[in-house]
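Visitor: Below is the structure I would like to discuss, written out as structure tokens.
The values are calculated or read from the model by the stated rules, or taken from the named source; none is laboratory data. Bear in mind the structure is a predicted one, so any value in this text is a computation, not a measurement. Backbone-built Cβ (ideal geometry, glycine too); neighbour counts: all protein chains shown.
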Amino acid sequence: MISKRLMAIVDWIEGSCLADIGCDHAYVACQAVLEHRVVKAYACDIAQGPLDNARQTIQSNHLENQVFCLLTDGMQNLPDEVDVVVIAGMGGKMIEAILENASLHPSMHFILSPHKDAEALRRYLISHGFTIQREKYIEDQHHSYPIMDCNFIPCRENYDDFAYAYGIHPIKDEPYKSYLLSQKKKWMSLLERVPDQRRKELEKEIEQIEKEIA
């Protein structure tokens with residue numbers, strides 16, 4: 001069964017041909033085709049095991065003529081027809097490495113969802129020719145995941161540290177506010193245990209969070 005997080009990723013897919021990098025069971029690729037968000041999809045992975053799982057999902061949904069398994073390292077050797085790329089279920093640093101070694105073009109649309117190092121990924125994207133159009137947070141199995149809607153077009157905006165830490169153009173809904181509240185709680189628990197300079201930084205961050213969720 002497809003998770004709440006993966007369904008949220010599918011909701012933002014729009015194009016002709018999808019590449020799901022690190023596809024696992026190909027749930028995203030199959031769901032995107034079933035919902036007619038793309039006509040064709042490639043379930044991509046560096047290992048044969050996940051592709052065997054993907055093939056079972058493809059067959060169970062009778063999508064053998066629209067979803068195809070591709071054994072590849074990251075985004076290497078993707079067909080030219082791919083115009084939407086999903087990279088999810090891995091850390092921000094791993095996503096950076098995949099993008100760093102990829103052949104990119106401005107028509108590509110990216111949906112990225114790191115499970116850690118989101119701030120580092122945002123900084124990488126903005127400094128390497130990407131624009132983050134919007135973000136949203138999804139709560140799934142007691143964890144908050146950011147989902148980033150990106151294009152390979154140079155960004156013309158400047159962002160402060162708060163945006164890099166918590167989201168660029170985030171949808172300010174309940175999951176976003178819930179994530180900010182959890183971060184506020186974490187920083188407050190550290191106030192009495194850190195040096196003065198760090199405490200001042202945390203107090204400023206807590207104040208920014210309170211303004212954001214007000």
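Visitor: Kindly list the number of the only condition in (1) under 20 Å from the mean Cα position of the chain (by Cα); (2) surrounded by fewer than 18 Cβ atoms within 10 Å (Cβ to Cβ) that fails for Val33.
Guide: (2)
Visitor: Identify the residue in the range 111-164 that is among the β-branched types (Val, Ile, Thr) and in a strand (DSSP E or B) and, among all such residues, is surrounded by the fewest Cβ atoms within 10 Å (Cβ to Cβ).
Guide: Only one residue tops the list, namely Thr131.
Visitor: Going by the conditions given, is Ala97 in the same structural domain as Ser144 (by TED's automatic domain parsing), out of contact with any strand residue (DSSP E or B) (no Cβ under 7 Å at 6 or more places or on another chain), modelled with pLDDT under 95 and hydrophobic (A, V, I, L, M, F, W, C)?
Guide: No: the conditions fail for Ala97.
Visitor: Return yes when Gly89 is of a type in the set (Gly, Ala, Ser), assigned to a loop (DSSP other than H, G, I, E, B), assigned by TED's automatic domain parsing to the domain that holds Lys116 and surrounded by 14 or more Cβ atoms within 10 Å (Cβ to Cβ) and no when it is not.
Guide: no
Visitor: Take the residues of the range 1-26 that are in contact with a Lys or Arg (Cβ under 9 Å, 6 or more places away or on another chain) and free of Cβ contacts under 8 Å to residues at least 40 places away in the same chain: which is farthest from Gly89 (Cα to Cα)?
Guide: If we filter the range 1-26 for residues that are in contact with a Lys or Arg (Cβ under 9 Å, 6 or more places away or on another chain), which is where we start, we get 8, 10-18, 26.
Add one more test, that the residue is free of Cβ contacts under 8 Å to residues at least 40 places away in the same chain, and what stays is 10-11.
On the way: Val10: 14, Asp11: 16 Å.
Taking the candidates together, the pick is Asp11.
Visitor: Which of the numbered conditions does Cys23 fail, given that it passes all the others? Conditions: (1) at pLDDT below 95; (2) surrounded by fewer than 18 Cβ atoms within 10 Å (Cβ to Cβ).
Guide: Failed condition: (2).
Visitor: Does Leu70 satisfy the criteria of being within 24 Å of Asp173 (Cβ to Cβ) and either part of a strand (DSSP E or B) or in contact with a Pro (Cβ under 7 Å, 6 or more places away or on another chain) (or both)?
Guide: Numbers: within 24 Å of Asp173 (Cβ to Cβ): no; either part of a strand (DSSP E or B) or in contact with a Pro (Cβ under 7 Å, 6 or more places away or on another chain) (or both): yes.
Here the answer is no, as Leu70 does not meet what is asked.
Visitor: Additional query: Please indicate, with yes or no, whether at least one residue in the range 1-11 is within 20 Å of the chain's Cα centre (by Cα), under 24 Å from Tyr179 (Cα atoms) and part of a loop (DSSP other than H, G, I, E, B).
Guide: Checked the range 1-11: at least one residue is within 20 Å of the chain's Cα centre (by Cα), under 24 Å from Tyr179 (Cα atoms) and part of a loop (DSSP other than H, G, I, E, B).
Visitor: Ser107 - would you say it is in the same structural domain as Val10 (by TED's automatic domain parsing), closer than 18 Å to Val85 by Cβ and surrounded by fewer than 18 Cβ atoms within 10 Å (Cβ to Cβ)?
Guide: So Ser107 fits the description; yes.
Visitor: Need pairs with beta-carbon distance below 6 Å; first residue among the β-branched types (Val, Ile, Thr) and within the range 169-198, second surrounded by 13 or more Cβ atoms within 10 Å (Cβ to Cβ); sequence gap 6+ or separate chains.
Guide: Filtered contacts from the range 169-198: Ile171/Lys136.
Visitor: Might you check whether a residue that is β-branched (Val, Ile, Thr) and either at pLDDT below 95 or within 13 Å of the chain's Cα centre (by Cα) (or both) occurs anywhere in the range 170-186?
Guide: no
Visitor: Return a yes/no flag: does the range 48-58 have any residue that is part of a loop (DSSP other than H, G, I, E, B) and surrounded by 12 or more Cβ atoms within 10 Å (Cβ to Cβ).
Guide: No.
Visitor: Can you go through Ala29, Ala41 and tell me which one is assigned to a strand (DSSP E or B) and in contact (Cβ under 8 Å) with a residue 24 or more places away in the chain?
Guide: Ala41
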